[in-house]
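Q: Let me give you the structure first, and then I'll get to my questions.
A short reminder: the numbers here are calculations on the coordinates, not readings from a lab. Just so it is clear, the structure is predicted and the values come from calculations on it, not from any experiment. All Cβ positions, glycine included, derive from the backbone under ideal geometry; neighbour counts span all protein chains shown.
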Amino acid sequence: MPTTNLPGLKPLLSRIIELPSISCTNPRIDQSNRAVIDQLAQWFSALGFSIEIQPLPGQENKANLIATRGKGPGGLVLAGHTDTVPCDESLWSSSPFTLAERDNRLYGLGICDMKGFFPIVIEAIRSLPLDKLQQPLIIIATADEESSMDGARALADAGKQFGRYALIGEPTGMRPVHMHKGMMMERITILGQAGHSSDPSLGHNAAESMQRVMAELMQFRGELQQQYRNELFRVPVPTLNLGCIHGGDNPNRICGQCTLEYDLRPLPGMNPEELREMIRQRLYPIAEQDQVRISVEEIFPSILPFAGEQDSELVKACVELTGNGAESVAFATEAPFLANMGMDTLVLGPGDIDQAHQPDEYLSLDRIGPMLNLLKSLVTRFCLTVQ
C-alpha cells in the first residue's frame, strides 16, 4: 500500500480507538491487543518499516510490535503501550470506543494513555525523508503495560539491541520525565482457624491478626519515610497504600482467613526484593504469637524505580524543544525496562496523567501540534543527522 494511501491523523486516531485492547488482572475483563498490533503493523509497513510481531510467551492473543526503518548502531526508539485500562461505558458522555471531538478536545479510551501516541508518530514522520535515515528509527508497541507489564518484560528477555535513545510517549503534559517511582503490588494472606464465635479458644482469628499486620505496615511506612526522601518528587517519600481487604464469611464464625492487598511506591535507590523481605521478617513474630500462617507475595512482578540522567543528550534536546525542565513523577512506566536494555530513556507525551484512567479521557487538540514538532525534531536530530 503506498504511503500516500494512509489516512489523515484523525481517521488514524479514530481507528485505533475503536479497537478494544483492555488489559486487566481479571481474566473476564482482559482482552487481546492483537487487533491494534496488526493495524499498527499495516500502517508502519506502508511507511517502509520492517515489521516484527513478538507474541508474548504463553499468551498467543498478546503481542509486541517492533517496526524498524534504517540501520546503524544508534538511532531513536519511539515506544508506548497498546493496551488500556478497563472502563465503565455508562459513565462516559460518549462511547469510549468511538473518537469524539468537542470543546477543543478528542475523547476516547486510550487517546491520552496512550494508544493515541502511535497515530501522532505516523503523522509526524510521514512527511520526513525516511529514505535518507542515517541511523535507525524504531517503533515499539507493547502489550499489558496497564496490568503486568509482560510486554516490556518479554521485550527485555528477548535480549535484542535497539537504538541509543528511547522516548516513551506516556501522558506527561509535554514535560520531560527522567525519573519515577517504582511500583509494588503485594498480597498478604493470613490463614488462621475458624470456629464458633462464642468461644475464641476454638480458633485463631485471622482478622485480628491482620489488624496487627496493618499496624506493623503503618509503622514500617513511617520508618521508610523517615529514612528515604527525594525532593525531586512532588510526594518526596515512598508511599504504602492499603488498598483492599477481604476475610471471613459470617459474623458468628471466627475468621479463618484474611487477605490484604497493598501498593508500595519505592523511590530510586530502593530495592523491591529487599523491601518485601523486610516486611516478611517483621510479620514472622505476629504469625508465631497468634499461631497463624502469614504469607507475603507479589500480585505481579515489581516495577523498578526509574532514574535517568538529567543531563543526557535526549533530556537536553527535549528540554530545549519543549521549554520545560526535566521532572519526576509518581506513576510507573516501562522506562526501567528500556533503560536496562542500554538506552538513554525519557518519558514524554502530549496527554495529561490527570485525564488517564477515568471516564471521558481526552487529549487537548492544542497539544498535538507541539508533539508533532517535537517528534519531527527528534527524528531529524537522532536519525537523519550523522551522529
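Q: Show that you can apply the helix-only estimate: for the chain, add -39,500 (n - 2.57) for every DSSP H stretch of four or more residues, divide by all residues, and state [θ] at 222 nm to the nearest 500.
A: Working: 9 runs with 111 residues, N = 387.
Roughly -9000 deg cm²/dmol at 222 nm, from the helical runs in the chain.
Q: Decide, for the range 1-114, between rounded, prolate and oblate: order the square roots of the alpha carbon gyration tensor eigenvalues as a ≥ b ≥ c, take rounded if a/c falls under 1.5, and otherwise choose prolate if a/b is larger than b/c, else oblate.
A: Numbers: a/c = 2.21, a/b = 1.29, b/c = 1.71.
The shape class here is oblate.
Q: Distance from a point 7 Å along Cα→Cβ of Cys244 to each backbone N in the range 1-44: keep the residues under 11 Å and list them by number.
A: Those under the cut-off are 25-26.
Q: Follow-up question, since we're still on this one. At q = 0.10, 0.13, 0.14 Å⁻¹, what is the base-10 log of I(q)/I(0) for the chain according to the Debye formula with one equal point scatterer per Cα and no solvent? Please give it to two decimals.
A: Rounded to two decimals, the profile gives -0.70, -1.06, -1.19.
Q: Calculate the length of the line joining the C-alpha centroid of the range 331-387 to that of the range 155-190, in whole Å.
A: 12
Q: Let me ask something else. Taking Cα centroids, how far is the range 260-300 from the range 112-141 in Å?
A: Result: 43 Å between the Cα centres.
Q: Report the charge-dipole magnitude of the range 184-298 in Debye, nearest 20, computed about the Cα centre from +1 at each Lys and Arg Cβ and -1 at each Asp and Glu Cβ.
A: Working: 11 positive and 16 negative charges, 44 e Å.
Charge dipole, the range 184-298, about its Cα centre: 220 debye, nearest 20.
Q: Related question: How would the range 184-298 be classified by its alpha-carbon gyration tensor: rounded, prolate or oblate, with rounded meaning a/c under 1.5 and the a/b versus b/c comparison settling the rest? It would help to have the intermediate numbers written out before the result.
A: Numbers: a/c = 2.92, a/b = 2.46, b/c = 1.19.
Taking the square roots of the gyration eigenvalues as a ≥ b ≥ c, the range 184-298 is prolate.
Q: While we're looking at this one, here's another question. Can you tell me the FRET efficiency between Arg253 and Ile299 if r is taken as the Cβ-Cβ distance and R0 is 22 Å, rounded to the nearest 0.05? Please report the intermediate quantities before stating the final value.
A: Details: r = 27 Å, r/R0 = 1.23.
Efficiency, rounded to the nearest 0.05: 0.25.
Q: Taking the Cα atoms only, what angle lies between the long axis of helix 313-322 and the longest principal axis of the chain, rounded to 10 degrees?
A: Helix 313-322 and the main axis of the chain meet at about 80 degrees.
Q: So, one more: Peptides 79-86, 281-288, 13-20: what's the order by average Cβ count within 10 Å, highest mean first?
A: Working: 79-86: 25.9, 281-288: 14.2, 13-20: 20.6.
In decreasing order of mean packing, 79-86, 281-288, 13-20 become 79-86, 13-20, 281-288.
Q: Mind checking which of Ile37, Ile245, Ile138 has the largest fluctuation in a GNM of the chain, springs on alpha carbons under 10 Å?
A: Among Ile37, Ile245, Ile138, the largest GNM mean-square fluctuation belongs to Ile245.
Q: So how compact is the range 313-387: Cα radius of gyration and Dmax in angstrom?
A: Values for the range 313-387 (Cα only, Rg and Dmax): 14.1, 45 Å.
Q: How large is the charge dipole for the chain, taken about the Cα centre, if only the Cβ atoms of Lys, Arg (+1) and Asp, Glu (-1) carry charge, to the nearest 20 debye?
A: Details: 32 positive and 47 negative charges, 206 e Å.
It comes to approximately 1000 debye.
Q: Based on the alpha-carbon gyration tensor of the range 234-273 and its eigenvalue square roots a ≥ b ≥ c, which shape applies: rounded if a/c is under 1.5, prolate if not and a/b is larger than b/c, or oblate? Working shown, then result.
A: Values: a/c = 6.47, a/b = 3.10, b/c = 2.09.
Since a/c reaches 1.5 and a/b is larger than b/c, the shape of the range 234-273 is classed as prolate.
Q: Tell me, in nm to one decimal, what length is gained between Glu231 and Asp131 on full extension, where the rule is 0.36 nm per residue of separation less the Cα-Cα distance? It would help to have the intermediate numbers written out before the result.
A: Details: separation 100, 0.36 × 100 = 36.00 nm, distance 4.52 nm.
Value of the extension gain: 31.5 nm.
Q: Work out the P(r) tail for the range 247-387: percent of alpha carbon pairs separated by more than 23 Å, whole number. Working shown, then result.
A: Numbers: 5649 of 9870 pairs.
In whole percent, the share of Cα-Cα pairs in the range 247-387 beyond 23 Å is 57.
Q: How far apart, in nm, are two points set 7 Å out from the Cα along the Cα-to-Cβ line at Glu101 and at Gln289?
A: Simple spin-label model gives 6.5 nm for this pair.
Q: Take every Cα pair under 8 Å in the chain that's 6+ residues apart, average their separations, divide by the length, and report that relative contact order as a whole percent. Don't skip to the end; give the middle numbers.
A: On the way: 856 pairs, mean separation 91.4, N = 387.
Averaging sequence separation for qualifying contacts and normalising by length gives 24 percent for the chain.
Q: Further, regarding this structure: Between Glu274 and Asp354, what length comes free when the chain is fully extended (0.36 nm per residue of separation minus the Cα-Cα distance, one decimal in nm)? Please list the in-between numbers first.
A: Details: separation 80, 0.36 × 80 = 28.80 nm, distance 3.15 nm.
Value of the extension gain: 25.6 nm.
Q: To continue, here is another question. Applying the Karplus parametrisation 6.51 cos²θ - 1.76 cosθ + 1.60 with θ = phi - 60° to the phi angles of the range 161-176, what ³J(HN,Hα) value in whole Hz is obtained for each residue in order, glycine and proline being reported as x?
A: 9, 10, x, 7, 10, 9, 10, 9, x, 5, x, 10, x, 6, 9, x
Q: Would you mind getting me the FRET efficiency between Glu18 and Leu202? Use the beta-carbon distance for r and R0 = 56 Å, nearest 0.05. Mind dumping the intermediate values first?
A: Working: r = 58 Å, r/R0 = 1.04.
For R0 = 56 Å, the calculated efficiency reads 0.45.
Q: Now, a different point. Suppose R0 equals 22 Å. What FRET efficiency, 1/(1 + (r/R0)^6) with r the Cβ-Cβ distance, do Arg28 and Ser93 give to the nearest 0.05?
A: On the way: r = 26 Å, r/R0 = 1.18.
E(calc), rounded to 0.05, equals 0.25.
Q: Between Glu309 and Ala46, what is the spin-label point distance in nm, taking each point 7 Å from the Cα along the Cα→C-beta axis?
A: According to this spin-label approximation, the distance is 3.9 nm.
Q: Sticking with this structure for a sec: Going by average Cβ neighbours within 10 Å, how do the peptides 23-30, 111-118, 338-345, 179-186 rank, with the highest at the top?
A: Details: 23-30: 13.4, 111-118: 28.4, 338-345: 20.4, 179-186: 22.9.
Put in order of decreasing packing, that is 111-118, 179-186, 338-345, 23-30.
Q: Would you please give the residues with an amide H less than 5 Å from that of Asn64, counting only those at least 5 places away or on a separate chain, with H modeled from the backbone geometry?
A: Amide H to amide H, under 5 Å and 5 or more residues apart or across chains, Asn64 pairs with Gln54, Leu56.
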